[in-house]
Each structure stands twice: as C-alpha cells, then as structure tokens.
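J.: Dropping a structure here in structure tokens format, bear with me for questions.
What follows is calculated from the coordinates using simple rules that are stated; it is not laboratory data. Remember, predicted model here, so these are calculated numbers, not experimental data. Note that each Cβ is placed from the backbone with ideal geometry, even for glycine, and that neighbours are counted across all protein chains shown.
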Amino acid sequence: MNASSNTRSWIESANGHADFPLQNLPLGVFSRPGSTPRGGVAIGDSIFDLQAALEAGYFNGAARAAAEAASRDQLNDFFALGAGARQALRRELLHLLDENSPQRARLQAATDGLLHPMSECQMHLPARVGDYTDFYVGIHHAMNVGKLFRPDNPLLPNYKYVPIAYHGRASTLCVSGAPIKRPNGQTLPPGENVPQFGPCKRLDYELEMGVWIGPGNASSEAIDIAEAPQHIAGLCLLNDWSARDIQAWEYQPLGPFLSKSFATTVSPWVVTAEALAPFRSPQPNRPEGDPQPLPYLLDAADQQNGALDIELEVLLLTRQMKEQGLPAERLALSNTLNMYWTLAQMVTHHSVNGCKLQPGDLFGTGTLSGPQAGQFGSLLEMTEGGKTTVTLPSGEVRRFLEDGDEVILRARCKREGQVSIGFGECRGVVVG
Ligand code: MN
C-alpha cells in the first residue's frame, strides 16, 4: 500500500518534492479558469485530474468507483466510502504514476488534460462541511492560556478526563488564500465595566490540524474506540482565527462564539490516513500522577500506534516585509505529539452520547503548542496575552495581528527510511 522509499514518479517535479512526492497523493477539489470544480490529486507541482483520467478509462473495479466519488466537486461521497475505497484508489494511482508504470508512455503522450500545473488552478474547500467541531487537545496551549487567567490552577479538573471541544461554525470555513476580514464585536476595555463595539484589536491565529471524517455513525450509536480510526479519512492544516478581546468578554459561561465564528481557514489538500501511516507513533505517556483515560477512551492499539509525528510551523509575513522583499518569519515550530488525546479518542468521545458524525464533518484539534518558547501556536501565548511583543526582521513589532499581515501554516512528516511528505500551505491575509 505504501510506495517504498525509493519509488519515484515519471512526473519529475514529484521526486524530492517537499510536500507532494509519489508517497503522498493527497486529494482536493480544484478548478481551472472557465471550468467547474472537480476532484484531483496533488503530485509534485501538478494536479492529476480524476475526471479526465476516468474519461480516458484509466480506472477499473473498486478503484473506478472510488475515483468517480473523488472526482466530484466535493469529497463527501468519497469520504463516505471509507478505507477500502481510499486504498483501492491509492493503489491504482501509485501504479499509474510510478516511473516504471506500464502506462507511462500512454499517460505522458496524453493530450486529454490529465495533469494541470498547480499554479494555474484554484483550490476549493475539499468537502461540504455539515458540522465543524474544535477540540482543545493541545495540552501545552491549554496550560499556557490557563496560566494567563488562573496562574495557580491553569488546567480545569475535567481536562484530563474529557477531550474538551466546542461546536464551531461550518458556514465560515474557507480555503487557504481567502482574505480574513477583521471582525467587529463587543469588547470590554481594561478597567471598564461597560463594553464598547468596534473592530477587534486583538486578532490572533491558532495552529491546528483539521481532521476530515470519513464514514459516519447512526444517531444514538457510539463509535467504539477500536473502530474510530475507520472513521477518519485524512488530515489538513487548520487556522482557527481568534478575536481575543471579543472572546475574553463573551466566552463565560458557554465558551467561544463570535470570537471564532467569523473565519476558519483550512489547507486544500486532504492527506489520507494511508499516506500518514508510516508516521504514526505511540501516544506519549501521560505525566506521572495523571489519571488513565476512562475505559471507553482507552484502547491498547490506539495507545501503541494512535498518535502522529507531524512537524508544524507558523510563519508571519507583514505587508512591509513583502514590500522589502523579506521572507516570511517563522514564529513557531511544534508537533502533533503535543496532543493529550489521540484522534481516535476525539472521534469516540464526540459520538459517545449518540451524536451523529457525517462524512465531510471537520474537527479541529485545538492549538498545538509545545511547552517552550519558539513552540507556541498563537500570539496570545507568544506575547503572554499582549504583555510582550514579537520583533520581526523588518523592525516591526506585534502583540496581535495587524491589517496586511499574512499567516502561513505548514506541516511535514519526516522519519528515517521514509520519504517526507507535507501538507502544502494554509494561508490568510488580514484585511481591515
Ligand atoms: Mn481553536
């Protein structure tokens, strides 16, 4: 199922590509100028057009059914088919795009638009998202933020028992590149008792992974922890834009509302569970003295192999840096091993009360900060709630985001003996 580490593609740009070598094959929805959105696969600097490949007769059997579902203007139908269909499609794509493919000459000679330069394509949301839920499983983020508000008691007592989450807003999900309009709202100025209304002054990003749900469950039927991985189609990057001043005023007692629902950006490529398989890890041991998960959240195989080792990065590029020709500045480097709960535990907990998950639902993991400076996934943590500043190579300083600032998230998987794969980018520019 996984291409061995020395397998190369006849698509030259794929070989050694930082994000999209043959070993990745993420799926997304793209359009070319004047054409309607359709499903494709990222390979090197190109997009492999599943509709065109189907029309040219390249897929048969289970791979054909999977490719048909994946070629539509949303991946919901493909996600619903589950692991068997994903694996059939992946097997066939690995075969077709391998440098030794018997189909290579025919594919290379094709004039039927099988490959499109990615730079000429527009990306769309990969699925129609019925429901979006944002978790809070980055324990260092929870600790860092908790310390700002409750220095002596940063984590509330439920944190180590419950994978905490809130229901987000699916309608304002957008794909990488969409501008982010600074939200208006109510905020309570320091020392005041009465709120004011106006533009958010403490706009922030959150470094998260997005989890795309594959097959769902029936209402009132919980997903067993051992079965939970079968319900995850793949992952993307997710920026949970956050208006900290609006959040501070509105969030008690029910949690985030308008401070989050104005925009959430995802990266366009869904990196499948199969592509991520070589980068699975044991779930890191809980610190001494922490409780074990309750039995419904505890599974030996999940503890042994249910975490992921994905390096995560946040970069900032201001308008002035762009004008001066400066590169984006890295603000943080972190890793998905900072998750206190596994993806399977998130899926199982979400469904344990009978809540129905559906194909194309999206989870955010929560901000994935590390414990140390240089690993913080939000400005709230980097500047300790705006008390300190970040100095950029242009000489500019930031407490929170200014208009014209572009936030760029990246992620990659690296492991000895494996070809590295990446997620592409999740970008957004703040506009006033
Ligand atoms: Mn979040």
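J.: If you find the alpha carbon centre of region 134-184 and of region 59-111, how far apart are they in angstrom?
T.: 37
J.: What do you get for trypsin sites (Lys or Arg not before Pro) in region 351-410 restricted to DSSP loop and a cutoff of at most 10 other Cβ within 10 Å of the site's Cβ? Please report the intermediate quantities before stating the final value.
T.: Values: sites: LYS356, LYS387, ARG398, ARG399, ARG410; in loops: LYS356, LYS387, ARG399.
Sparse-neighbourhood loop trypsin sites (Lys or Arg not before Pro): LYS387.
J.: Which FRET efficiency, nearest 0.05, do LYS201 and ALA277 yield, Cβ-Cβ r, R0 41 Å?
T.: Numbers: r = 44 Å, r/R0 = 1.07.
Result of the calculation: an efficiency of 0.40.
J.: To make sure I understand the rule: partners must be aspartates and glutamates, Cα under 17 Å from the Cα of LYS387, and not fewer than 8 residues away in the same chain. Which ones qualify?
T.: The reachable aspartates and glutamates, counting only those whose Cα sits under 17 Å from LYS387, are ASP204, ASP245, GLU396, GLU402.
J.: Excluding residues fewer than 8 places away in the same chain, name every one of the aspartates and glutamates whose C-alpha is closer than 14 Å to that of LYS147.
T.: Within the straight-line limit of under 14 Å, LYS147 reaches these aspartates and glutamates: GLU381, GLU384.
J.: At 7 Å along the Cα-to-beta-carbon direction for both ASP224 and SER101, put a label point, then send me their distance in nm to one decimal.
T.: Taking the simple label geometry, ASP224 and SER101 are separated by 3.9 nm.
J.: Then there's this: Could you tell me which chymotrypsin sites (Phe, Trp or Tyr not before Pro) in region 236-328 are loop residues by DSSP with no more than 16 other beta carbons within 10 angstrom of their beta carbon?
T.: Numbers: sites: TRP241, TRP249, TYR251, PHE257, PHE262, TRP269, PHE279, TYR296; in loops: TRP241, TYR251, PHE257, PHE262, TRP269.
Hits after loop and neighbour filter: TYR251, PHE257.
J.: Taking amide H atoms as placed 1.01 Å from N in the peptide plane, list the residues 5 or more away in sequence, or in a different chain, whose amide H sits under 5 Å from that of GLY424.
T.: ALA411
J.: Same structure, new question: Given a 10 angstrom Cα cut-off, can you work out which residue in GLN375, GLN252, GLN230 is the most mobile in a GNM of the chain?
T.: Among GLN375, GLN252, GLN230, the largest GNM mean-square fluctuation belongs to GLN252.
J.: Right, next: Read phi for every residue in region 415-429 and hand back ³J(HN,Hα) as whole Hz from Karplus 6.51 cos²θ - 1.76 cosθ + 1.60, θ = phi - 60°, with x for Gly and Pro.
T.: 7, 3, x, 10, 6, 5, 10, x, 9, x, 10, 10, 10, x, 9
J.: When the Cα centres of region 193-248 and region 284-310 are compared, how far apart do they sit, in Å?
T.: Between the Cα centres of region 193-248 and region 284-310 lies a distance of 21 Å.
J.: Turning to a different aspect of this structure: Can you compute the helix-only [θ] at 222 nm over the chain? Use -39500 (n - 2.57) per DSSP H run of at least 4 residues, normalise by all residues, nearest 500 deg cm²/dmol. Before the final figure, lay out the partial values.
T.: Values: 12 runs with 89 residues, N = 432.
-5500 deg cm²/dmol, from helical runs alone.
J.: For LEU317, LEU207, LEU294, what's the fewest-to-most ordering of other Cβ within 10 Å of each Cβ? Don't skip to the answer; put the middle values down first.
T.: Details: LEU317 20, LEU207 31, LEU294 11.
Fewest-to-most ranking of LEU317, LEU207, LEU294: LEU294, LEU317, LEU207.
J.: Here's something else I'd like to know. Could you put CYS121, CYS426 in order, starting from the residue whose Cβ has the fewest other Cβ atoms within 10 Å? Let's see the in-between values first.
T.: Numbers: CYS121 21, CYS426 27.
The most exposed by this proxy come first: CYS121, CYS426.
J.: Long-range amide H contacts for TYR159: which residues qualify at under 5 Å (H placed 1.01 Å from N, peptide plane, sequence gap of 5 or more or a different chain)?
T.: Sorted by chain and number, the residues that satisfy this come to none at all.
J.: Mind sorting LEU308, LEU337 by how few other Cβ atoms lie within 10 Å of their own Cβ, fewest first?
T.: Values: LEU308 22, LEU337 16.
Lowest to highest Cβ neighbour count: LEU337, LEU308.
J.: Here is a further query. Mean-square fluctuation check for the chain, GNM, Cα pairs under 10 Å: which of GLY57, GLY325, GLY191 is largest?
T.: GLY191
J.: In addition: How large is log10 of I(q)/I(0) for region 136-257 at q = 0.10, 0.12 Å⁻¹ when the intensity is taken from the Debye formula with one equal scatterer per alpha-carbon?
T.: Taken in order of the listed q values, log10 I(q)/I(0) reads -0.44, -0.63.
J.: Classify region 12-121 from the C-alpha gyration tensor, please: rounded if a/c falls under 1.5, else prolate or oblate depending on whether a/b exceeds b/c.
T.: rounded
J.: Given the options PRO154, PRO256, PRO126, which has the most mean-square fluctuation in a GNM of the chain, springs set between C-alpha atoms less than 10 angstrom apart?
T.: The residue with the greatest mean-square fluctuation here is PRO154.
J.: Within the set of other residues whose C-beta is less than 12 Å from the C-beta of ASP302, count the net charge using Lys and Arg as +1 and Asp and Glu as -1. Could the numbers behind the result be given before it?
T.: Numbers: positive: ARG280; negative: ASP224, GLU227, ASP299.
Here the count lands on -2.
J.: Right, here's the next one. At a Förster radius of 51 Å, what calculated FRET efficiency corresponds to the Cβ-Cβ distance of MET143 and GLN122, to the nearest 0.05?
T.: Details: r = 40 Å, r/R0 = 0.78.
Step by step, r from the Cβ atoms, then E = 0.80.
J.: Let's test the formula: R0 of 45 Å, r as the Cβ-Cβ distance of GLN304 and VAL194. What FRET efficiency results, to the nearest 0.05? Walk me through the numbers before you get to the answer.
T.: Details: r = 54 Å, r/R0 = 1.21.
Plugging the Cβ-Cβ distance into 1/(1 + (r/R0)^6) gives 0.25.
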